1. Looking at the range 122-180 only, could you name the residues that are aromatic (Phe, Trp, Tyr), more than 24 Å from Leu99 (Cβ to Cβ) and within 14 Å of the chain's Cα centre (by Cα)?
2. Condition first: touching a helix residue (DSSP H, G or I) at 6+ places or on another chain (Cβ under 8 Å) and among the aromatic types (Phe, Trp, Tyr). Can you find one or more residues in the range 110-127 that meet it?
3. Only residues that are within 24 Å of Leu99 (Cβ to Cβ), crowded, with 19+ Cβ neighbours inside 10 Å and aromatic (Phe, Trp, Tyr): list them for the range 30-87, please.
4. Just for the range 117-145: of the residues that are in contact with an Asp or Glu (Cβ under 9 Å, 6 or more places away or on another chain) and aliphatic (A, V, I, L, M), which one is surrounded by the most Cβ atoms within 10 Å (Cβ to Cβ)?
5. Could we say that Asp118 is closer than 20 Å to Ser10 by Cα and without any contact (Cβ under 8 Å) to a residue 40 or more places away in the chain here?
6. Does Ser121 satisfy being assigned by TED's automatic domain parsing to the domain that holds Val13 and modelled with pLDDT of 95 or more?
7. Looking at the range 6-29, which of the residues that are over 17 Å from Cys147 (Cβ atoms) and not aliphatic (A, V, I, L, M) is surrounded by the fewest Cβ atoms within 10 Å (Cβ to Cβ)?
8. Of all the residues that make up the range 156-187, how many are touching a helix residue (DSSP H, G or I) at 6+ places or on another chain (Cβ under 6 Å), under 20 Å from Arg17 (Cα atoms) and assigned to a loop (DSSP other than H, G, I, E, B)?
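The values are calculated or read from the model by the stated rules, or taken from the named source; none is laboratory data. Since we're looking at a predicted model, the values are computed, not measured. Don't worry about glycine lacking a Cβ; one is built from the backbone with ideal geometry, like all the others, and counts go over all protein chains shown.
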Amino acid sequence: MIKLHGSLTSPFVRHCRIALIEQNMAFEFVPTDYAGSAAQTPTARVPFLHCNDGVFSDSSSILHWIRLQGHRLFLSSPKGTELYCLANTVLDTAINLFLLEKDGLTPENVPYLKRQADRVSSSLASLNEQPLKLKGTPNDAEWRVACALDWGRYRNRFDIKSLPNLQRFMKEIANFDAFTKTAPPPA
């Protein structure tokens, strides 16, 4: 049995859930917090996946494994990989800022964090310039962008009101059942 460990609010976990749904793979979702992930995976984060092939402890390796099971490519082009990585930069940086803020560290009082906040803004502007026009089922780069943008909305970390291409893209992606079924619970 496939077991995906994670949090329903994690954008990385959401992307894995979308891929499992798309591949029609039966899986058990195991809610896991920081302590649980620290005890079960060397990365001490979610998601991680247990399956017959072992344990995968990063969303990218999980997605690669899922796509192989369905005889589908994961990140089939350098442009797609760049888009995926750009979305990861937004997520990694925004999540770190979110967590550090809980400890009282903010861009207003730590110059390094100001640079990180600027990185989120410049990366979002770059994403807005990408050719995000859905043609059929979204690929993993597009799913990663969607999960990143929706997490930013959900956590009130950034908005895309001044980024029309990203607004249009999110309206398109909202039409996919896998995206709506995996939305985080109301805050």
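1. We begin by selecting, within the range 122-180, every residue aromatic (Phe, Trp, Tyr); these are 143, 151, 154, 158, 169, 176, 179.
Still in the list and also more than 24 Å from Leu99 (Cβ to Cβ): 169, 176, 179.
The answer is Phe179, and nothing else.
2. no
3. The answer is Phe48, Phe56, Tyr84.
4. If we take residues in the range 117-145 being in contact with an Asp or Glu (Cβ under 9 Å, 6 or more places away or on another chain) and aliphatic (A, V, I, L, M), then Ala141 is surrounded by the most Cβ atoms within 10 Å (Cβ to Cβ).
5. Numbers: closer than 20 Å to Ser10 by Cα: no; without any contact (Cβ under 8 Å) to a residue 40 or more places away in the chain: yes.
Against the criterion (closer than 20 Å to Ser10 by Cα and without any contact (Cβ under 8 Å) to a residue 40 or more places away in the chain), Asp118 does not qualify.
6. Values: assigned by TED's automatic domain parsing to the domain that holds Val13: no; modelled with pLDDT of 95 or more: yes.
For Ser121, the condition - assigned by TED's automatic domain parsing to the domain that holds Val13 and modelled with pLDDT of 95 or more - is not met.
7. Of all residues in the range 6-29, those over 17 Å from Cys147 (Cβ atoms) come to 24-28.
Narrowing the set further to residues that are not aliphatic (A, V, I, L, M) leaves 24, 27-28.
Values: Asn24: 7, Phe27: 18, Glu28: 10.
Residue satisfying both the conditions and the ranking: Asn24.
8. Residues in the range 156-187 being touching a helix residue (DSSP H, G or I) at 6+ places or on another chain (Cβ under 6 Å), under 20 Å from Arg17 (Cα atoms) and assigned to a loop (DSSP other than H, G, I, E, B): 2 in total.
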